[in-house]
Amino acid sequence: MEQKYDFKQIPSGWRYCFHAQCPMKDQCLRYQTAQALPESYEMGEAVFPGALKNGRCRFFRKDEKVVMATGFLIAGNSQMSERFRAMRLSLTRYLGGNGTYYLYRNGKKWLTPQQQADIRALFRRAGYKEEVVFGKTRVDYDFT
């Protein structure tokens, strides 16, 4: 049987879920990856059943491939403008600091669809009309 998930791509801090009574388990990437774990895995991070509140789990991640992106610039090459320098602080805060900003900016970390939308919104709020262009994209599971 072909393996659906490439466990080499799943980061070491990924939280698996084993909550068999969860109503979201059939669509949950955390539960589905836990069910497909190779026998060689003996321990790791987990989401506990208490995370499920009112039928919702804040750790839920949909079991579907999405478009991940990395690297970003502004179309028209205006990113060195004074306006960009002024709004970069908001972007840096959103991405978790200067070091993390550069990991995303230089294509070392992948942005989820939600992060991509949030970055586009940050640029729009700063007055940019130009399109935010991401350097590379790939279709994969969101293991963030």
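The values are calculated or read from the model by the stated rules, or taken from the named source; none is laboratory data. Remember, it's a predicted structure, so these values are computed and weren't measured experimentally. Here Cβ is always computed from backbone atoms with ideal geometry, including for glycine, and neighbour counts include all displayed protein chains. Each accessible area value is taken on the protein alone, full model and side chains, heavy atoms only, with ligands, DNA and RNA left out. Shrake-Rupley method; radii C 1.70, N 1.55, O 1.52, S 1.80 Å.
General remarks:
- When you filter the trypsin sites (Lys or Arg not before Pro) in the stretch 44-144 for DSSP loop state and at most 11 other Cβ atoms inside 10 Å of their Cβ, you are left with Arg58, Lys108, Lys129.
- Tensor-based shape of the stretch 102-144 (alpha-carbon gyration tensor, a/c under 1.5 rounded, otherwise prolate or oblate): prolate
- Rounded to 10°, Cα long-axis angle of helix 82-95 versus longest principal axis of the chain: 10 degrees
- Shape of the chain, Cα gyration tensor, a/c cut at 1.5: prolate
- Axis angle, to the nearest 10 degrees, between helix 113-125 and the longest C-alpha principal axis of the chain: 20 degrees.
- For Leu111, distant residues with modelled amide H under 5 Å away: Ala69, Thr70
- Lysine pair count for the chain (Cα-Cα distance under 29 Å; residues 8 or more apart in sequence or on different chains): 29.
- Order of exposure, largest accessible area first, which applies to Phe48, Phe59, Phe134 with probe 1.4 Å: Phe48, Phe59, Phe134
- Dipole magnitude (debye, nearest 20) for the chain, charges at Cβ of Lys, Arg, Asp, Glu: 700 debye
- Fraction of accessible area attributable to carbon and sulfur, the chain (%, probe 1.4 Å): 51 percent
- Dipole of the chain [Lys/Arg +1, Asp/Glu -1 at C-beta], most positive-end residue of Gly135, Ala20, Tyr41: Gly135
- For the set Phe18, Phe60, Phe7, solvent exposure ranked by accessible area (probe 1.4 Å, protein chains only) runs largest to smallest as Phe18, Phe60, Phe7.
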